Every structure is written in structure tokens, then in C-alpha cells.
Amino acid sequence: MYKVLRNFCIGILVVLLIVMFGGSALTWMAFSKPADIYADAQTLDAGRLKRGFAIETDLPFLMECFGSETSTQTNGYDNSTLIGDATYYYIMPVLAGDETYYVALATSSKNDNYEMLQELSQSTMNRLYTGSAENDAAPVHITGGLVTLDDELYKYMKQWFAETEWFADEADIEKYVLPLSFSEENYTSLKIIFFVQLAIAVALLIAIIILSHKGKMAEAGEGRNGEMSI
């Protein structure tokens, strides 16, 4: 019995440690100093643009929405499909040195700055198409970091650049359009979640030690009882 419980705790601990330290983008964001991708553009190395890269900036530009994703859930009572909230993906320019890279920005109607991001996107595209700076939307303060963009959505984003002929050739699309998405996150909340997970991991480790000790004592007791019965 002790061995079964111990192995169960070990399994949970391994999964928890993988979530906490196994390349988790959220963990990296929580404990990294966020970069301002516009104020610090000249000193930003493009090689840092990868999963877990923390960003806090006043976003001055946001290009149009290239795709959306709607969550669904099956109703257990009648097997009907329940439609959840939609997540919209916009194109966010990222300045690094003298070059501009592009990642997705995910947002939904649940986000506090959803309407401001919509307005920013509209004003950015208006400026791109007309050259007019009239009615420019105010920059939107964003906090979060980069996560991996779904393969299908990444394909749609590259398709948008190909159709608009933004770049001269496909090689430039592959270079400057990154398979990443900006996810809005609260660093304080991420840290709290991490430390709660850490506390659970420590409790599991203590439980494993106790169960292992009790298991050995039980085996030793069974051995002594076997010797006395001979």
C-alpha cells in the first residue's frame, strides 16, 4: 500500500516539475525582466525573440486581425456543442535593432484593453493605406510575453504577408514573420501560481520520503514476523 501511494506521489511530482521547469514560457516570463520592444529597440537582440521572452511596453502600432479561434465544449447531457469565447489574432510589429519582426497578438472580448487594441489596429491600418496620421489611436499598455503560435495560425499569418506582398520574397517572410504569439499576462499572478506549485512539490517530496520510510518499516516488520513463525 505504501509503495503504491509513494509511486503515485512520484508521478504527480514529476508532472508538476515538468510544468514548472520544463521549458514553461510562463515561468520564464514571471521571473524575467520585461523588455520594452519600442523604447529599447536599438539594443534589443533579435535572438531573444523566443518563447518566454517577457514584454512590457506602450504598443503604438497593431496591424489587422489575420485569424480567430473559438473554443468549443460538448454538453454532457445531450452531446450538443457549446460555443465559447473567440480569441482574435492581430499582427504585432516588434522592433529589434534596425529591423522589424512580426508576431501575433492574441486577445479576446474578456481582455480589459480589447476595444483599445481594436481601435489601435484600425488606426494603424488606416495610416498604412492612406498615409494619414489623423485620428491615430493612443498607444496601448501591454504586459505579458511570447508563447508558441499554433502551426495553423502561423500558416494564416504568413499567408497574410504573402497576399499583401509585404515582402519581396518568401525567404523574408520566413525570416521576419516569427511563429510566436504575444500573450497578455500578469507577472504577479504568474509568480503566485509558481510558488503555489512549488509548495505542492515540497509537500509531495515530504510525502514520498515518509511513505518510503513507512514502507521499509512495514517490510522489516513482515520479515521479523516471518522469522518468528519458523
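Numbers for the structure displayed
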{"item": "Residues Thr107, Thr57, Thr164, sorted so that the one with the fewest Cβ neighbours within 10 Å comes first", "result": "Thr164, Thr57, Thr107"}
{"item": "Straight-distance crosslink candidates among lysines, where the alpha carbon sits under 29 Å from Lys214 and sequence neighbours closer than 8 are dropped", "result": "Lys3"}
{"item": "Within the stretch 167-183: backbone nitrogen closer than 17 Å to the Ser108 label point (7 Å, Cα to C-beta)", "result": "181-183"}
{"item": "Footprinting exposure proxy for Met217, Met29 (fewest neighbouring C-beta atoms within 10 Å first)", "result": "Met217, Met29"}
{"item": "Using a Förster distance of 22 Å, the FRET efficiency for His213-Val15 (Cβ separation, nearest 0.05)", "result": "0.40"}
{"item": "Computed lengthening from Val202 to Glu152, 0.36 nm per intervening residue step minus Cα-Cα distance", "result": "14.1 nm"}
{"item": "Across Lys50/Lys191; Lys110/Lys155; Lys50/Lys110; Lys158/Lys191; Lys50/Lys158; Lys110/Lys191, pairs whose alpha-carbon gap is larger than 28 Å", "result": "Lys158/Lys191"}
{"item": "Neighbour-count order for Leu59, Leu95, fewest beta carbons within 10 angstrom listed first", "result": "Leu95, Leu59"}
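Rule-based calculations on the coordinates, nothing more; no lab input. Quick caveat, the model's predicted, so the values are computed rather than measured. Cβ atoms come from the backbone with ideal geometry, glycine included; neighbour counts cover every protein chain shown.
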